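*Asks:* One structure, pasted below without further comment.
The values are calculated or read from the model by the stated rules, or taken from the named source; none is laboratory data. Quick caveat: nothing in here was measured; it's all calculated off a predicted structure. Every residue, glycine among them, receives a Cβ derived from its backbone with ideal geometry; neighbour counts consider all protein chains shown.
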Amino acid sequence: MTMTDDPTDQAGAEVPGPGRRSLLTLLPMQGHTRGKRSAVTCHLKCADACSHPAPNLSTNGYFRDVVNSAFSRRALLAGAGAGAAAVVIGGAAGGAAAPAAAAPSGPGKLPFVPIAPVPNTVDDVVVPNGYSWKTIIRWGDPLFSTADTFDPSNQTAELQARQFGYNCDYLDVIAEPNGTRGVLVANHEYTNENIMFPPAADEDEANTQRRVALASHGMTVADVTRSGKGTPWTYVVGGPRNRRVTPETVFAFTGPAAGDVLLQTVEDPTGTRVRGTFNNCAGGTTPWGTVLSGEENFNQYFKAAGTPEQQRYGIGGSGDFRGWANVDPRYDGVANPGYANEPNRFGWIVEIDPEDPTSMPVKHTALGRFKHEGANVHVGRDGHVVAYMGDDERFDYLYKFVSKHTMRPGNSAKARAFNKTLLSEGDLFVARFDGDSSAAEITGDGTLPSDGEFDGSGVWIPLVVDGESTVPGMTTAEVLVHTRLAGDAVGATKMDRPEDVEPNPVTGRVYIACTNNTNRGIGDYPKADEANPRTRNRYGHVIELTEAGGDVTATTFGWSILIVAGDPATDPTTYFAGFPPAKVSPISCPDNVAFDADGTLWISTDGQPGTIGLCDGLFKVPLTGAERGHVQQFLSVPREAETCGPVIHDRDGSVFVAVQHPGEDGDWSDQHSFFPDYVAPGTLSGGKWGGPRPSVIQVVRD
Ligand code: FEO
Ligand code: CA
Ligand code: CA
């Protein structure tokens, strides 16, 4: 365990060693729910998605012949309203952790001895011996002027829009090779008002806080500098590329659905421009240097009529519990029918160019609309680019986009401008996974089938080809705006919440983090299948997908499950590509994935505190040779936080993560985390605050 900042060096109200330690180990866990997350995360991050029936009530998956049957949209939509009872799964935080392997991890440029698993009450970043961590940028840090000082008791929307936002998720640090300059890009997924603000005295103050919360969403671009290769990065106040993208930033729609009536509102009768982005979760940096970001749980911000199409996305009902409709009518399409289509304008992949802070960012309708975790691009042999995407909802789907045009080489202004259009035109597919073992062998208890693997083949089923819908009864715009319904119609495989989906830049194989699905096999919900092989899947799994012929544009693929996650000390259903379970670090709820320069997989988690009783972390997983499947924990994040956006610069001796929602179960007057400033509760001095601040940190070799 290493802290770069010795607490005795910190400005402001100092906490001496024992006092600081008392801040690091705080109150017992409380309020945990079924599944994995705390009650607060469930409420604020995804609007209690797990407390509602999973919105995929389609019969797809029960009857294979639906693939070839005529598509009856009316029948489908009529069926979408049928209810399935929510199933409550009990269970408290899990048992003792298995000991981590004691051998140094290798090969690679970041050798480390795995850290021991960290109990979920520890409010600290834990890294291996020989490494230390430092904060690069925190919630509230000024981007444009040091005069924009952070004071959580007196924030305004105008100030927040000039500061680093809340709950950083996707992250990249795009460094000039061997240089001293770079640019940091981060998503700001959602807000934890309970710990961000003091209780509002009246409705005016509540509305001020709502506006601040709105301005805390979106994305940040910030210049970073360092003194030389291998040294820590520092962000630059007033850097020329610095930018905040917020729910007020104007975006242009691209692709076949741009301008369609489904995207038109009273504010934008052309259906071509939209204010803002929010609930930006994961993402990916493109080969041409732009950043893609997924609009994920956008449903929770809107009051809506709850049409069948909206219900398929969880829109309607109790939406807008943040009260944004109090400060902007577009969030209430019931009271303001002119905004009935406003929810259709979210749920997209957005693309921003961090090199040009004046450029208008875009939303790509060709990539479909769903609860986009993110998108990651790989270039095929022939230059076509492919984007892999997961829809993070229980029983929802995996998608792939293939560009019509091929990428132009080089980084000239002309090539770059062209490549920024690649995601505007192309074909969209959804995945069907076919196991190669008999259904009778998939028992749901994690027992491997007789061929020794959960594996099989798969098909990329077309939804849009050459700009035309291939889904009977749906127009191209309907397929792209109501993409989940299109996936239902063609028999896509219902997955256990596919989050990050990333191609390995070295091998081209694709890794899919299925974070969990505690409804799998429960009641009327779909039973375990070979690609989602555990009933009541609390701990998640990771699938390795290999495109036919190694061609990312192929329409068929092979797959196998790399990891069936959990704590092997207490769960015999775990599997680590055949590596001895007793030698791995326990891991639960895989969420984001990344690769180092050698193509070794790194996985960050979201949900360990509520499932295996440990803080979330970052894990290295070799994919080749005798070490294949050897999960080794590299770091652990503070109490009640999630590990996001891992960036592995192994050649530079650096690892970056975004620490999201530290201390989320606390309250303004009862904070559970003091990361990263670790000063006395409630104090604000010398730029440090005695409460949690979601932050980007860098881990470096000493
Ligand atoms: Fe925002 Fe699916 O995690
Ligand atoms: Ca098999
Ligand atoms: Ca995520």
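*Asks:* Take Thr277 and tell me if it is in a loop (DSSP other than H, G, I, E, B), crowded, with 20+ Cβ neighbours inside 10 Å and among the β-branched types (Val, Ile, Thr).
*Replies:* Taking the combined requirement at face value, the residue satisfies it.
*Asks:* Count, please, the residues in the stretch 155-211 that happen to be in contact (Cβ under 8 Å) with a residue 12 or more places away in the chain, more than 22 Å from Val237 (Cβ to Cβ) and assigned to a loop (DSSP other than H, G, I, E, B).
*Replies:* 8
*Asks:* Right, something else. Within the stretch 509-521, does at least one residue satisfy the condition of being more than 16 Å from ligand 1 (Cβ to nearest atom), within 29 Å of Gly283 (Cβ to Cβ), surrounded by fewer than 23 Cβ atoms within 10 Å (Cβ to Cβ) and modelled with pLDDT of 95 or more?
*Replies:* yes
*Asks:* Still on this structure, I have one more. Pairs, please: C-beta under 6 Å, at least 6 apart or cross-chain, first residue at pLDDT 95 or above and in the stretch 445-459, second within 16 Å of ligand 1 (Cβ to nearest atom) and outside any strand (DSSP E or B)?
*Replies:* Nothing qualifies.
*Asks:* Something else about it: Scan the stretch 321-354 for residues that are of a type in the set (Ser, Thr, Tyr) and out of contact with any helix residue (DSSP H, G or I) (no Cβ under 7 Å at 6 or more places or on another chain) and jot them down.
*Replies:* Within the stretch 321-354, no residue meets the criteria.
*Asks:* Mind checking which pairs have a first residue in the stretch 517-537 that is farther than 16 Å from Glu393 by Cα and a second that is among the polar types (S, T, N, Q) and part of a strand (DSSP E or B), Cβ under 6 Å, 6 or more apart or different chains?
*Replies:* Final answer for the pair search is none.
*Asks:* Of everything in the stretch 361-381 that's closer than 22 Å to Asp172 by Cα, within 19 Å of the chain's Cα centre (by Cα) and in a loop (DSSP other than H, G, I, E, B), which residue is nearest to ligand 1 (Cβ to nearest atom)?
*Replies:* So the residue we want is Glu373.
*Asks:* Of all residues in the stretch 369-422, count the ones that are surrounded by 23 or more Cβ atoms within 10 Å (Cβ to Cβ) and free of Cβ contacts under 8 Å to residues at least 24 places away in the same chain.
*Replies:* Residues that pass the stated criteria total 1.
*Asks:* Is it the case that some residue within the stretch 554-565 is within 16 Å of ligand 3 (Cβ to nearest atom), within 28 Å of Asn297 (Cα to Cα) and in contact with a helix residue (DSSP H, G or I) (Cβ under 8 Å, 6 or more places away or on another chain)?
*Replies:* No.
*Asks:* Do we find that Asp488 is more than 16 Å from ligand 3 (Cβ to nearest atom), more than 21 Å from the chain's Cα centre (by Cα), within 26 Å of Thr624 (Cα to Cα) and of a type in the set (Asp, Glu) in this structure?
*Replies:* Taking the combined requirement at face value, the residue does not satisfy it.
Yes/no per residue for (1) β-branched (Val, Ile, Thr); (2) part of a strand (DSSP E or B); (3) touching an Asp or Glu at 6+ places or on another chain (Cβ under 8 Å); (4) more than 16 Å from ligand 3 (Cβ to nearest atom):
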position	(1), (2), (3), (4)
Asp591	no, yes, yes, no
Ala594	no, yes, yes, no
His630	no, no, no, yes
Leu635	no, yes, no, yes
Arg639	no, no, yes, yes
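*Asks:* Sticking with this structure for a sec: Quick one: would you say Thr643 is more than 16 Å from ligand 2 (Cβ to nearest atom), within 25 Å of Pro580 (Cα to Cα) and either out of contact with any Lys or Arg (no Cβ under 6 Å at 6 or more places or on another chain) or free of Cβ contacts under 8 Å to residues at least 40 places away in the same chain (or both)?
*Replies:* No: the conditions fail for Thr643.
*Asks:* Just the residues that are aliphatic (A, V, I, L, M) and surrounded by fewer than 18 Cβ atoms within 10 Å (Cβ to Cβ), please, taken from the stretch 434-447.
*Replies:* Ala439, Ala440 - these are the residues of the stretch 434-447 that are aliphatic (A, V, I, L, M) and surrounded by fewer than 18 Cβ atoms within 10 Å (Cβ to Cβ).
*Asks:* When you go through Gly319, Gly314, Gly338, Gly284 one by one, which is the residue that is more than 18 Å from Val350 (Cβ to Cβ), within 16 Å of ligand 1 (Cβ to nearest atom) and in contact (Cβ under 8 Å) with a residue 40 or more places away in the chain?
*Replies:* Within the list Gly319, Gly314, Gly338, Gly284, the selection yields Gly314.
*Asks:* Another question, if that's okay. For Tyr190, work out the one condition from (1) away from ligand 1 (no atom under 16 Å from the Cβ); (2) at pLDDT 95 or above; (3) within 23 Å of the chain's Cα centre (by Cα) it doesn't fulfil.
*Replies:* The number of the failed condition is (1).
*Asks:* For residues that are in a loop (DSSP other than H, G, I, E, B) and among the polar types (S, T, N, Q), scanning just the stretch 295-353, find the one that is modelled with the lowest pLDDT.
*Replies:* Among residues in the stretch 295-353 that are in a loop (DSSP other than H, G, I, E, B) and among the polar types (S, T, N, Q), the one modelled with the lowest pLDDT is Ser318.
*Asks:* How do the strands (runs of 3 or more DSSP E) wholly within the stretch 218-270 filter down when requiring 2 or more residues that are of a type outside the set (A, V, I, L, M, F, W, C), under 25 Å from the mean Cα position of the chain (by Cα) and at pLDDT 95 or above: which remain?
*Replies:* In the stretch 218-270, 218-225, 243-245 are the strands (runs of 3 or more DSSP E) which contain 2 or more residues that are of a type outside the set (A, V, I, L, M, F, W, C), under 25 Å from the mean Cα position of the chain (by Cα) and at pLDDT 95 or above.
*Asks:* Could you tell me whether the stretch 578-585 includes any residue that is in contact with a Cys (Cβ under 7 Å, 6 or more places away or on another chain), surrounded by 24 or more Cβ atoms within 10 Å (Cβ to Cβ) and either of a type in the set (A, V, I, L, M, F, W, C) or under 22 Å from Val40 (Cα atoms) (or both)?
*Replies:* Looking for residues that are in contact with a Cys (Cβ under 7 Å, 6 or more places away or on another chain), surrounded by 24 or more Cβ atoms within 10 Å (Cβ to Cβ) and either of a type in the set (A, V, I, L, M, F, W, C) or under 22 Å from Val40 (Cα atoms) (or both), one finds none in the stretch 578-585, hence no.
Residue-by-condition table, conditions (1) among the small types (Gly, Ala, Ser); (2) under 11 Å from Pro646 (Cβ atoms); (3) in contact (Cβ under 8 Å) with a residue 60 or more places away in the chain:
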residue	(1), (2), (3)
Ala565	yes, no, no
Ala569	yes, no, yes
Asp596	no, yes, yes
Gly599	yes, no, yes
Trp602	no, yes, no
Asp606	no, no, yes
Thr611	no, no, yes
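*Asks:* What single numbered condition from (1) more than 21 Å from Asn504 (Cα to Cα); (2) crowded, with 24+ Cβ neighbours inside 10 Å fails to hold for Ala680?
*Replies:* (2)
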